[in-house]
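The values are calculated or read from the model by the stated rules, or taken from the named source; none is laboratory data. Because the structure is a prediction, the values reported are computed rather than measured. Virtual Cβ from ideal backbone geometry, glycine too; neighbours counted across all protein chains shown.
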Amino acid sequence: MTNKLRFPENFLWGGAIAANQVEGAYLEGGKGLTTVDLLPTGEERFNIMLGNIDNFVPKEGVYYPSHEAIDFYHRYKEDIALFAEMGFKSFRMSIAWSRIFPTGEEEVPNETGLQFYDDVFDELLKYNIEPVVTTCHFDVPVHLVEKYGSWKNRKMVELYEKYTRTIFERYKDKVKYWMTFNEINMLLHLPFIGAGIVLNEGEDKNQVLYQAAHHQLVASALAVKACHEIIPDAQIGCMLAAGMTYPFSSNPEDIWAAMDKDRESFFFIDVQSRGEYPGYAKRFFEDHNLDIKMQPGDEQILKENTVDYIGFSYYASRCTSTDPEVLSDQTAGNVFGSVRNPYLEASEWGWTIDPKGLRITANQLHDRYQKPLFIVENGLGAIDVVEEDGSINDDYRIDYLQQHFVEMAEAIKDGVDIIGYTSWGPIDLVSASTGEMKKRYGYIYVDRDNQGNGTLKRTKKKGFDWLKQVIQTNGASI
Ligand code: BGP
């Protein structure tokens with residue numbers, strides 16, 4: 001198909017991963033335990049991620065596959081060579097806090113952990129691939145959960161600031177694109193995986209979560225400050241789990257409900273990007289009798305240290321209603337429950353597939369913030385079949401991506417400043433929501449199943465050459 005899709009020169013095409021979903025080696029190199037290391041697969045996982053676990057005592061179990069993941073820790077050279085072959089211009093990854101400070105509280109960082117990421121960055125730079133680094137992607141050191149209750153506690157601000165200053169200093173010559181917290185709004189939906197928060201019985205959920213959110217927002221602003229001081233030519237962004245909420249009908253009540261839902265997420269970015277608490281949040285605190293403790297100087301920190309760009313993930317749009325009958329017809333969707341949208345299909349996991357929603361969401365974020373946008377996650381989780389001849393024909397994924405690329409190009413034509421696109425899981429990895437291997441996103445297949453069988457061998461799927469062509473032609477081949 002030929003068309004007039006145009007992507008800016010230097011558009012940052014690439015892929016995105018998170019440390020805990022690829023590295024494995026969960027206790028190697030001096031690494032400490034993190035929250036995700038404690039998550040089993042299956043239903044039990046979801047309950048823990050929700051944080052509804054009274055007096056949860058973190059315990060170590062044999063939680064395959066996350067402990068071994070795809071062994072990126074030992075195989076990163078091979079994997080990066082494949083990314084380079086696809087022509088990646090950028091690669092989004094995260095640093096595991098507990099590789100740098102195993103308990104989160106050491107005086108001196110762990111040199112083995114620091115060296116590991118130095119090696120990974122060197123390998124990327126060898127191929128002119130720009131590292132894009134998330135400082136914290138769902139992995140809080142377990143010690144901090146046990147000792148402080150994680151982000152419930154103000155102490156985390158100081159510890160996170162020390163951690164981020166350490167990595168900015170160390171990698172200042174190698175990393176120019178940073179992000180603070182992955183999907184910061186996940187804190188409200190999956191508090192344990194999002195922020196290491198356990199909700200105990202008797203606690204006011206909103207009070208706990210919004211207080212923790214305040215701590216993260218101040219910590220994020222301090223990281224922005226540190227990054228600007230230490231690496232003046234760097235850009236640091238926030239990261240939102242985005243996806244517009246549609247009203248199910250034109251009933252103004254539905255319109256309001258949809259707006260209200262979106263504001264749950266915008267709340268974080270309003271603070272990170274505009275530097276102050278929006279009026280609707282203050283009203284929410286009042287209406288719910290929340291007492292969010294702020295320290296003198298917090299407002300100034302937020303105001304003076306806003307992000308340079310808006311990073312976001314987009315998998316699905318959402319839909320809501322005020323009609324109880326409509327509301328009862330729910331579908332999943334990157335954790336955010338949604339009313340089933342009769343106009344749209346869904347993935348095997350119930351995530352609504354809505355390419356146009358990407359254009360709408362990008363325009364919405366552009367209108368609201370007027371800052372560069374970076375699409376740092378998007379993709380289709382599916383079960384892939386290895387044919388007898390060893391090939392993997394993932395045409396469904398190519399279709400999904402192709403349609404999203406078209407809408408991304410349309411958004412750019414609309415005047416939205418999109419600086420890059422890193423699709424989620426360019427190489428198969430452990431799923432965050434299920435903890436399993438069978439939900440795959442990659443252009444590269446990894447021979448590993450939920451039970452830990454498989455050689456870990458990497459094989460190119462059909463999507464591999466397709467994406468290579470897209471990048472080579474800067475979108476003209478789409
Ligand atoms: C996002 C997370 C990622 C990733 C992705 C896909 O919410 O930032 O870590 O996992 O969703 O989700 P899943 O792995 O559950 O399919």
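When region 178-228 is examined, which residues are found to be over 28 Å from T166 (Cβ atoms), out of contact with any helix residue (DSSP H, G or I) (no Cβ under 8 Å at 6 or more places or on another chain) and not in a helix (DSSP H, G or I)? Within region 178-228, N200, E201, G202, E203, D204 meet the criteria. If I go through region 417-433 residue by residue, how many of them are under 15 Å from the mean Cα position of the chain (by Cα) and of a type in the set (V, I, T)? Adding up the residues that qualify gives 2.
Quick grid of which residues meet (1) basic (K, R); (2) within 16 Å of the ligand (Cβ to nearest atom); (3) out of contact with any Ser or Thr (no Cβ under 8 Å at 6 or more places or on another chain):
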| position | (1), (2), (3) |
| --- | --- |
| Y177 | no, no, no |
| N185 | no, yes, no |
| I193 | no, yes, no |
| N200 | no, no, yes |
| H215 | no, no, yes |
| E229 | no, no, yes |
| C238 | no, yes, no |
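For first residues located in region 454-470 and surrounded by fewer than 17 Cβ atoms within 10 Å (Cβ to Cβ), partners that are of a type outside the set (V, I, T) and in a helix (DSSP H, G or I) and lie 6+ apart or on another chain with Cβ distances below 8 Å form the pairs L456/R75; K462/D395. Only residues that are in contact with an Asp or Glu (Cβ under 8 Å, 6 or more places away or on another chain) and either at pLDDT below 95 or assigned to a loop (DSSP other than H, G, I, E, B) (or both) were counted across region 88-100, and they come to 2. Checking L217, L199, L209 one by one, the residue that is modelled with pLDDT under 95 and surrounded by 14 or more Cβ atoms within 10 Å (Cβ to Cβ) is L199 and no other. Here E85 meets each of (1) surrounded by 23 or more Cβ atoms within 10 Å (Cβ to Cβ); (2) at pLDDT 90 or above with one exception, condition (1).
Across region 346-367, which residue is modelled with the lowest pLDDT among those that are of a type in the set (G, A, S) and in a loop (DSSP other than H, G, I, E, B)? Across region 346-367, the extreme among qualifying residues is G350. The sole residue among L159, L144, L125 that is in contact (Cβ under 8 Å) with a residue 40 or more places away in the chain, touching an Asp or Glu at 6+ places or on another chain (Cβ under 7 Å) and of a type outside the set (F, W, Y) is L159. Name the residue that is nearest to I48 (Cα to Cα), counting only residues in region 119-147 that are under 16 Å from the mean Cα position of the chain (by Cα) and outside any loop (DSSP other than H, G, I, E, B). Result: C136. For the structure I just gave you, tell me whether E407 is without any contact (Cβ under 8 Å) to a residue 12 or more places away in the chain and either more than 19 Å from R75 (Cα to Cα) or among the hydroxyl-bearing types (S, T, Y) (or both). So E407 does not fit the description; no.
Residue-by-condition table, conditions (1) under 29 Å from Y148 (Cα atoms); (2) of a type in the set (A, V, I, L, M); (3) touching a Ser or Thr at 6+ places or on another chain (Cβ under 9 Å):
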| position | (1), (2), (3) |
| --- | --- |
| I269 | yes, yes, no |
| Y280 | no, no, no |
| Q295 | yes, no, no |
| D308 | no, no, no |
| S317 | no, no, yes |
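Could you say whether any residue in region 460-473 is closer than 18 Å to Y314 by Cβ and more than 16 Å from the ligand (Cβ to nearest atom)? Looking through region 460-473, at least one residue is closer than 18 Å to Y314 by Cβ and more than 16 Å from the ligand (Cβ to nearest atom). Residue count for region 406-447 under the criterion of being of a type in the set (G, A, S) and away from the ligand (no atom under 13 Å from the Cβ): the result is 4.
The lone criterion from (1) in contact with a Cys (Cβ under 7 Å, 6 or more places away or on another chain); (2) farther than 21 Å from N47 by Cα left unmet by N182 is number (2).
Taking T34 as the residue in question, decide whether it is at pLDDT 90 or above, under 23 Å from W424 (Cβ atoms) and either in contact with a Lys or Arg (Cβ under 9 Å, 6 or more places away or on another chain) or not aromatic (F, W, Y) (or both). Judged against the criteria, T34 is a match.
Report yes if Y309 is under 30 Å from D233 (Cα atoms), among the aromatic types (F, W, Y), away from the ligand (no atom under 16 Å from the Cβ) and under 24 Å from the mean Cα position of the chain (by Cα), otherwise no. It is true that Y309 is under 30 Å from D233 (Cα atoms), among the aromatic types (F, W, Y), away from the ligand (no atom under 16 Å from the Cβ) and under 24 Å from the mean Cα position of the chain (by Cα). Residues in region 376-395 that are away from the ligand (no atom under 15 Å from the Cβ) and either among the aromatic types (F, W, Y) or over 30 Å from Y177 (Cβ atoms) (or both): 10 in all. If you check D291, D287, D254 for being over 30 Å from Y177 (Cβ atoms) and free of Cβ contacts under 8 Å to residues at least 40 places away in the same chain, only one passes: D287. For region 340-375, filtered to residues that are more than 14 Å from the ligand (Cβ to nearest atom) and among the charged types (D, E, K, R), the residue that is surrounded by the most Cβ atoms within 10 Å (Cβ to Cβ) is D354. Within region 155-175, the only residue that satisfies the criterion of being part of a loop (DSSP other than H, G, I, E, B) and either of a type in the set (A, V, I, L, M) or within 16 Å of the ligand (Cβ to nearest atom) (or both) is V175.
Is it true that F116 is buried (at least 17 other Cβ atoms within 10 Å of the Cβ) and part of a helix (DSSP H, G or I)? It is true that F116 is buried (at least 17 other Cβ atoms within 10 Å of the Cβ) and part of a helix (DSSP H, G or I).
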